[in-house]
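Reading through the structure tokens given below for one structure.
The values are calculated or read from the model by the stated rules, or taken from the named source; none is laboratory data. The model shown is predicted, which means the values in this text are computed figures rather than measured ones. All Cβ positions, glycine included, derive from the backbone under ideal geometry; neighbour counts span all protein chains shown. Quick note on the areas: whole protein, heavy atoms, side chains included, nothing else; ligands and nucleic acids left out. Shrake-Rupley method; radii C 1.70, N 1.55, O 1.52, S 1.80 Å.
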Amino acid sequence: MEQTTILKLSGLSKKFDSRTAVDHISLEIREGEIFGLLGPNGAGKSTTLNMVCSLLKPTSGSIEVFGMDAAKSMKQIKQRIGYIPQDLAIHGNLKAWENVELFTSLYGIRGRELRDAVDESLEFVGLLDRRGSYAKTFSGGMKRRLNIACAIGHKPDLMIFDEPTVGIDPQSRNFILEKIKEANAKGATVIYTSHYMEEVEAICTRIAIMDNGRIIATGTREELARLVTDEKPEKVTLEEVFLTLTGKKLRDYAGGEG
Amino acid sequence: MILIKNNFKLMLRCKPIALILIVMIMVTGMLSAVFHDLMTDHLDFDGFELGYSFTQGCIFEPIKPVLENIGKENGIKLIQLTDGSAQHAVQSGAADVFAEFNNDGCTVYSADDHQIEASVVEMIVSSILSGASDVEIRDYLTENKIDVQPMPDSQMYYTIAYTVYFVWCAMIVLGVVTSSENKNKIGARFRTTPVSSLSIYLSRFVPSAVVITGLIFLGAVICTALFDIAWTQVALTALILLLGCVASAALATVLFSLIRNVILCVVLGYCLLMFWGFFGGSFCPYMWAPWADTIRDYSPIYYMTRSLVELNTNGSSQFTLPAVIILCGMSVVCIPLGMAAVRFGKEN
Ligand SMILES: Nc1ncnc2c1ncn2[C@@H]1O[C@H](COP(=O)(O)OP(=O)(O)OP(=O)(O)O)[C@@H](O)[C@H]1O
Ligand SMILES: [Mg+2]
């Protein structure tokens, strides 16, 4: 069954001075997928996603989201994307609900609809009972969840999670993974980056492995496993695939960000 | 609008902001106390005694009551001598300065250590005499009296100076929001949303203007109560302060939208403010400042302070119009500049 393409990257590159962070990648993500972008530190995952959200201008190549050219229709595209940044983007001196209200309102949602959206988002990440607390009083895991709540109030069709589970405990992590599946079941397409294999294995329907700015393999878990072994692909872990494909050397030795 | 509302909350929740108010009141109190004696010393001719005499049938005799009036209002003690020479009166110390009127005019005598008082007397007398040959002496003199600038007391002066000075602290207020945005990379997060540059601009400009206006007016009211200031031109004073707050917020928004580095902005803003305040009379009253006039012409603080001082002592000031024009001009320039800076920042 052929599904609509949500995101299409063609020959996308990004150079910072002389360093090439993203090197001619092409990728298609279809509606209803939970697409995992896997790669070591400094592979270029965040850079790629930043270009999709128009935080960075591509050096070359094109991005198409919801069938629209990102260079031309960015405003309409942004309206339908929920971007959960790798760095927490919340005001510590605002209360939980105020943070969610602030970011949700930026998508043009007002009044009663806004109030409902705030409560729904907080409920979704399990922070409704702490809605009146200042974000600065939250634990790391709670902040992560609040960060997510801030990006889902406008009911995006495409949700982009940039390492939403760094530095949090297994319970919070499972909670977030469950929630991502739940959002996906409700119809959102999800892009998920991480360097935790088990997470990607657990939730992603399709996976791309990125290294040194390139996509070195794309496919379902089984398809990837078949790349490294001919027999019993179900016995091969994603980690083995990953290490076989990317090698065992430390990747960001050249000064990549952590 | 939610963005404005939330930035407003961020500012109000930043307790150090209240320090602006406290510092403003403390500095006003301290400086007006320190300069109190100095200002009264220079303003009143304290203990200065003017002897005078008219020759028999002198045509200038009718000015006597006017002279006495001027003396009374300016703390000059008048002693009329009907006999004896002027020289003797000065030498014996009966008077610090002596004015001897005859039909040709007036001669002023003084000892070496009363040169300043002598020149004051000369000034008064020469303006009296230059208009004294006709019957309208009285009218001329009344006019002349207005020319003598009433001076503010040190409390009024420093209340005005520091209210004006702290008007320019909108930068600090906006710095609160900007540093919170920077710390949490919220600027980048905004760019992933379809929010317009105008909304972002307004979310910086409006709350900083409102908060600084609130602080300044609250501060002015507290100083008024504390130091017993009698404002005579309340409406114009409020107008100038309000325009100042708007200009200050507009300036702060340009600065912070161009340079997202809070520390750099604060350093730049602080230097600018030092310069403006130094030449504009915030630290040492502009009346005494020997600076070249051309330098202080570049300080909006000078125009605001001088205008407010004169408005509230004299009732009117030639500096009011320039002050209003400068402040409006700053807003007119800074607002579009700020919007452009926000748009530029969004794209890069
Ligand atoms: N603003 C920038 N200026 C210069 N180089 C950059 C910039 N942002 C990223 N890079 C470089 O681009 C490369 C890719 O970085 P990116 O953040 O996309 O990696 P990542 O895959 O997200 O890694 P991580 O898992 O550590 O988050 C790195 O080598 C990094 O040093
Ligand atoms: Mg990253």
Notebook entry, point to check: Which angle from 0 to 90°, rounded to the nearest 10, does the C-alpha axis of helix A:170-185 make with the longest principal axis of chain A?
Noted result: 90 degrees
Check: How much mean residue ellipticity at 222 nm does the protein assembly as shown get from its helices, if each DSSP H run of length 4 or more adds -39500 (n - 2.57) and you divide by all residues, to the nearest 500 deg cm²/dmol?
Finding: -17000 deg cm²/dmol
Next item on the list: Using DSSP, restrict attention to beta bridges with both residues in chain B and report what percent are antiparallel, rounded to the nearest 5.
Entry: 40 percent
Check: For the modelled label position 7 Å from the Cα of B:Lys346 along Cα-to-Cβ, which residues of the range B:172-197 have backbone nitrogen atoms closer than 15 Å?
Finding: B:187-197
Item checked: Angle between chain B longest axis and helix B:115-130 axis [Cα atoms, degrees, rounded to 10] -> 80 degrees
Checklist line | Given charges at beta-carbon only (K, R positive; D, E negative), |dipole| of the range B:150-262 in Debye | finding: 760 debye
Check: To the nearest 0.05, what FRET efficiency results for B:Leu264 and A:Glu31 with a Förster distance of 51 Å applied to their C-beta separation?
Finding: 0.65
Note to self: Just to be sure I understand: if you take the accessible area of chain A alone plus chain B alone and subtract the pair, with a 1.4 Å probe, what total do you get in Å², rounded to 100?
What the structure shows: 2400 Å²
Check: What residue among B:Ser199, B:Ser282, B:Ser92 shows peak mean-square fluctuation when chain B is described by a Gaussian network model with Cα springs under 10 Å?
Finding: B:Ser92
Notebook entry, point to check: Put simply, what bits of the range B:178-207 lose 20 Å² or more of accessible area when the other protein chains are there, versus the chain on its own (1.4 Å probe)?
Noted result: B:Asn184, B:Lys185, B:Ile186, B:Arg189, B:Phe190, B:Arg191, B:Thr192, B:Thr193, B:Pro194, B:Val195
Margin query: Which of A:Asp116, A:Asp211, A:Asp162 ends up with the largest GNM mean-square fluctuation for chain A, with Cα atoms connected below 10 Å?
Written below: A:Asp116
Checklist line | Pairs from A:Lys15/B:Lys5; A:Lys15/B:Lys185; A:Lys72/A:Lys155 whose Cα-Cα separation, in the structure shown, is over 28 Å | finding: A:Lys15/B:Lys5
Next item on the list: First measure r as the distance between the Cβ atoms of A:Arg19 and B:Ile295, then evaluate 1/(1 + (r/R0)^6) with R0 = 51 Å and state the FRET efficiency to the nearest 0.05.
Entry: 0.55
Note to self: Please check: in the Gaussian network model of chain B (C-alpha springs, under 10 Å), which one of B:Leu311, B:Leu19, B:Leu242 has the largest mean-square fluctuation.
What the structure shows: B:Leu19
Note to self: How large a share of the accessible area of the protein assembly as shown, in percent, is made up of carbon and sulfur atoms when the probe is 1.4 Å and the other protein chains stay in place?
What the structure shows: 57 percent
Next item on the list: Select from B:Cys284, B:Thr305, B:Met274 the residue farthest towards the positive end of the dipole of chain B; place +1 on Cβ of Lys and Arg, -1 on Cβ of Asp and Glu, and compute about the Cα centre.
Entry: B:Met274
Notebook entry, point to check: Relative to the present Cα-Cα distance, how much length would full extension add between A:Thr229 and A:Glu123 at 0.36 nm per residue of separation?
Noted result: 33.8 nm
Item checked: Heavy-atom surface of the protein assembly as shown, accessible at 1.4 Å and reported per residue (Å²) -> 46 Å²
Next item on the list: Please arrange B:Cys265, B:Cys328 by accessible surface area, largest first, computed with a 1.4 Å probe and ligands excluded.
Entry: B:Cys328, B:Cys265
Margin query: Nearest 10 degrees is fine. How inclined is helix A:111-124 to the longest principal axis of chain A, computing both from alpha carbons?
Written below: 50 degrees
